[in-house]
Amino acid sequence: MDIFPVFHKLLGRTDRENLLKQKGIVIWITGLPASGKTTLASRLEKTLHEKGFLCYVLDGDNVRTGINKDLHFSAEDRKENIRRAAEVSKLLVQCGIITINCFVSPTEELRTLAKSIIGENDFNLVYVNTPIEVCEQRDSKGLYAKARKGEIKDFTGITSSFEEPVSPALEIKTPEHNLDENLEILTNFVLQKISK
């Protein structure tokens, strides 16, 4: 291979973090489709931005309109989707950016892959634990109904399994609190991780 990385010639992560006065980390939010991942992520991004932190949200649907638009939902493509998202997240963290990821990432294998790419010290798994019945009620896209009719194959929670995380850094049981309370729990968790 004719690849000659020049990382050693570039500014380091610490230089960027010092400039931003924050620590770059990844908040990897997992949960069933329509569990509230993106809602919490977008509210978290706004809250942190208002406090002067630089953040970026990588959402599963958004990355599939760009860098991952060539991927479908086979097991192989789901793995590649997570691999690419993790690689982009790793780059953003090296810039000192707080990266908030919203991916169903339904298996322990996929979450472990992301963690191995990003790095154990930078990867913070947040499990948005919402019962499937609640997810189906919230589903504004009608995907659960389509999956139950057989119109969507390999749909997580219906025809494809979701493995609950074994030991997330934070678990948010959404029915136990309202959205503002869940956001406060998540924000407090993140602020402890990013302050320099």
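Descriptive notes on the structure:
- Using alpha-carbon coordinates, inclination of helix 108-118 to the longest axis of the chain, degrees: 20 degrees
- Residue of Lys23, Lys149, Lys173 that the Gaussian network model of the chain assigns the largest fluctuation, springs spanning Cα pairs under 10 Å: Lys149
- Extension gain for Ser195-Lys173 works out to 5.4 nm (0.36 nm per residue, less the C-alpha to C-alpha distance).
- Overall shape: oblate for the chain, with the ratio a/c of the largest to smallest alpha carbon gyration tensor axis at 1.5 or above and b/c at least equal to a/b.
- Percent of beta bridges antiparallel (DSSP, the chain, rounded to nearest 5): 5 percent
- Virtual spin-label span in nm between Asp154 and Asp61, 7 Å along Cα→Cβ: 2.0 nm
- Look at the Cα gyration tensor of the range 1-92: its axes a ≥ b ≥ c give a/c of at least 1.5 with a/b at or below b/c, and that counts as oblate.
- Selection of GluC sites (Glu not before Pro), the range 63-123, meeting DSSP coil and at most 16 other Cβ within 10 Å: Glu120
- Distance between the range 127-196 and the range 72-123 - C-alpha centres, whole angstrom: 17 Å
- Ordered by solvent-accessible area of protein heavy atoms (1.4 Å probe), largest first, the residues Asp61, Asp122 come out as Asp61, Asp122.
- Taking all Cα pairs closer than 8 Å and separated by 6 or more residues, the relative contact order of the range 38-196 comes to 25 percent.
- Database remark: amide H of Asn129 closer than 5 angstrom to the amide H of Ile172, Lys173, Thr174 (H placed geometrically; neighbours at sequence offset of 5 or more, or on other chains; Pro and chain starts carry no H).
- Coupling constants for the range 179-190 follow from the phi torsions by the Karplus curve (6.51 cos²θ - 1.76 cosθ + 1.60, θ = phi - 60°), and in residue order they are 4, 4, 5, 5, 4, 5, 4, 5, 4, 4, 4, 5 Hz; glycine and proline get x.
- For Trp28, the residues whose amide H sits under 5 Å from its own are Asn101, Asn124, Leu125, Val126, ignoring neighbours fewer than 5 places away on the same chain, with H placed 1.01 Å from N.
- The helix-only estimate of mean residue ellipticity at 222 nm for the chain, built from DSSP H runs of length n ≥ 4 each weighted as -39500 (n - 2.57), is -13000 deg cm²/dmol after division by the residue total.
- Cα-centre dipole for the chain with unit charges at Cβ (Lys and Arg positive, Asp and Glu negative), debye to 20: 500 debye
- Using alpha-carbon coordinates, inclination of helix 75-94 to the longest axis of the chain, degrees: 30 degrees
- Computed from backbone phi, the HN-Hα couplings of the range 129-142 come to 8, 10, x, 4, 4, 5, 4, 5, 5, 7, 5, 6, 8, x Hz, rounded to whole numbers (Karplus: 6.51 cos²θ - 1.76 cosθ + 1.60, θ = phi - 60°; Gly and Pro given as x).
- GluC sites (Glu not before Pro) within the range 150-196: DSSP coil, no more than 14 neighbouring Cβ in 10 Å: Glu151, Glu163
The values are calculated or read from the model by the stated rules, or taken from the named source; none is laboratory data. The shown structure was predicted, so the numbers you read here are calculated from the model rather than taken from an experiment. A quick note on method: Cβ atoms are made from the backbone with ideal geometry, for glycine too, and the neighbour counts reach across all protein chains shown. Note: areas computed on protein heavy atoms with side chains; ligands, DNA, RNA excluded. Shrake-Rupley method; radii C 1.70, N 1.55, O 1.52, S 1.80 Å.
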